[in-house]
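Structure first, commentary second.
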Amino acid sequence: MHKLDIVGLTKRYYKERDGRQVLALSDVSLSVTDGEFMAIVGPSGCGKTSLLNIVAGLLRHDSGSVIIDGKKVEGPGVERAVVFQQSSLLPWRTVAGNVRYGMEMQRRFNRDVMQSRTEHFIKLVGLNGFERHYPSELSGGMQQRVNLARALAADPVVMLMDEPFAALDAQTREFMQAELLKIWSAARKTVLFITHQINEAVYLADRVAVMSARPGRVKGIVQIPFDRPRTLSLKRDPRFLEIEERIWEMVEETPERIGMTKAAGE
C-alpha cells in the first residue's frame, strides 16, 4: 500500500531580475509504501530539497500532485513532519517543552496525552534525564534527537528529513545514523530522507532514489537488500560497497556532482 505518491511534479523558479525561468524539477514521480524508509540522492542543485519542501506543503509547484493516504495535499498538514539540517529548537524552551511544542500547535492532544507522549519519545531518543535542559546545554547530536522526538510526538503519517545530520561531525553523524535506525524501527514511520551522502543513503534506506542534475528527474531506484536491524559494520560488507558504487555510477552519468560524498569525512 502506498503511503505517499508524488505524481508528475514540475517546479520552475522565476527570476524577476532578468525575467528568466529555471526549471528545477521535471515530471518527478515517486511512491513510498507504508513504513518504508526511502532515501533520495543526487547532485547539488538537482532539486532534492525543493521536492521535499513541496511534499511538506512549504513550496508551491507548477504541475503534478502529492497524495498521502489517497488524499491530495495542497499545503502543510498534521500528517507530515519535517526534520531540517538545523535543529530549529526554541532556545527558551526545555527539551520537554520543545518536544511538546508540535503537539501544542496541532491542538489535537489533551494535556495528559501530550505529557505521556513527551515522556515516551524523549525516552525513545535516549534523552531521559535531560527533560529540563535547554538547547544551549546540549550537543549538536542531542539537539537533533530532540528534533526527532518533537517530530515523532506529533504523530505524523510521513516524516520528511532534509539532511538532518549534515551539520554534525563525521563521528557523531555515523553514531546518529545508527541511532536513527533504532528510533525508526521502534516508531515505524514512513520516511522520505534527503542526503548528499551515498554511504548514508545505502545504510539507512529500504530503497534509494537517484535524481539527475537540474532539472531534477528520477533516474532510477535502487533496492537495498540488507536485513534489519543493521549495524555500522555493514558499511564494510563487499555487497554494501558494490551497491554504493552502482549508485555512484548512476550519479556520475550526470554532468554535475558537486556536493556528493561517498562516506563521512571525505
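Structural remarks
- Placing unit charges on the Cβ atoms only, positive for Lys and Arg and negative for Asp and Glu, gives the stretch 10-85 a dipole magnitude near 360 debye about its Cα centre.
- Cross-link reach is defined here as a Cα-Cα straight distance under 20 Å, omitting same-chain residues fewer than 8 places apart; for residue 123 the aspartates and glutamates meeting it are 104, 112, 131, 137, 155, 179.
- The chain, helix-only ellipticity at 222 nm - DSSP H runs n ≥ 4, -39,500 (n - 2.57), divided by all residues, nearest 500: -10500 deg cm²/dmol
- Crossing angle, helix 140-153 versus the chain [Cα axis fit, 0-90 degrees, rounded to tens]: 80
- Nearest-ten-degree value, helix 238-252 long axis tilted from longest Cα axis of the chain: 60
- With both residues required to sit in the chain, DSSP beta bridges show an antiparallel share near 55%.
- Once the Cα atoms are used to define both axes, helix 111-124 deviates from the longest principal axis of the chain by about 60 degrees.
- Residue 42 long-range amide H proximity, modeled H, under 5 Å: 211
- Shape category assigned to the stretch 51-196 from the gyration tensor of Cα positions, a/c cut at 1.5: oblate
- Legend: translational diffusion of the stretch 139-182 by Stokes-Einstein, Rh = Kirkwood radius over C-alpha pairs, 25 °C, 0.890 mPa s; D = 224 µm²/s.
- Highest-MSF residue in the chain out of 111, 236, 228 [GNM, Cα springs under 10 Å]: 236
- Along its principal axes, the stretch 90-155 has C-alpha extents of 31, 22, 17 angstrom, given from the largest down.
- Cross-link pairs 11/48; 48/219; 3/189; 11/189; 15/219; 48/235 - those with Cα-Cα distance over 18 Å: 11/189; 15/219; 48/235
- Here the relative contact order of the chain, from alpha carbon pairs under 8 Å that lie six or more residues apart, stands at 26 percent.
- For the stretch 90-155: relative contact order, % (alpha-carbon pairs under 8 angstrom, 6 or more apart): 51
- Extension gain for the segment residue 234 to residue 17, taken as residue separation times 0.36 nm less the Cα-Cα distance, is 73.2 nm to one decimal.
- The chain: most fluctuating residue of 160, 180, 152 per GNM, C-alpha cutoff 10 Å: 180
- Percent of C-alpha pairs per 10 Å bin in the chain, short distances first: 7, 30, 35, 22, 6, 0.
- About the Cα centre, charge dipole magnitude for the stretch 1-54 (Lys/Arg +1, Asp/Glu -1 at Cβ), debye: 320
- Among 62, 18, 162: highest mean-square fluctuation, GNM of the chain, C-alpha pairs under 10 Å: 18
- Here the label points at residue 27 and residue 128, each 7 Å from Cα along the C-beta direction, are separated by 5.3 nm in the simple model.
- The distance separating the Cα centre of the stretch 33-84 from that of the stretch 115-139 comes to 28 Å.
- Neighbour counts of C-beta atoms inside 10 Å place 124, 232 in the sequence 232, 124, starting with the fewest.
- Segment residue 90..residue 1, full-extension length gain: 28.4 nm, with 0.36 nm per residue of separation and the alpha-carbon distance subtracted.
- In this simple spin-label approximation, residue 139 and residue 34 carry label points 7 Å from Cα along the Cα→Cβ vector, and these lie 3.8 nm apart.
- FRET efficiency, 1/(1 + (r/R0)^6) with R0 35 Å, evaluated for residue 60 and residue 241 via beta carbons: 0.30
- Neighbour counting of Cβ atoms within 10 Å sorts the residues 242, 79, fewest neighbours leading, into 242, 79.
We did not get these values from a lab; they are worked out from the coordinates using the rules stated. Note that the coordinates shown come from a computational prediction; the quantities given were computed from them, not determined experimentally. When we count neighbours, we look across all protein chains shown, and the Cβ atoms used for this are built from the backbone with ideal geometry, even at glycine.
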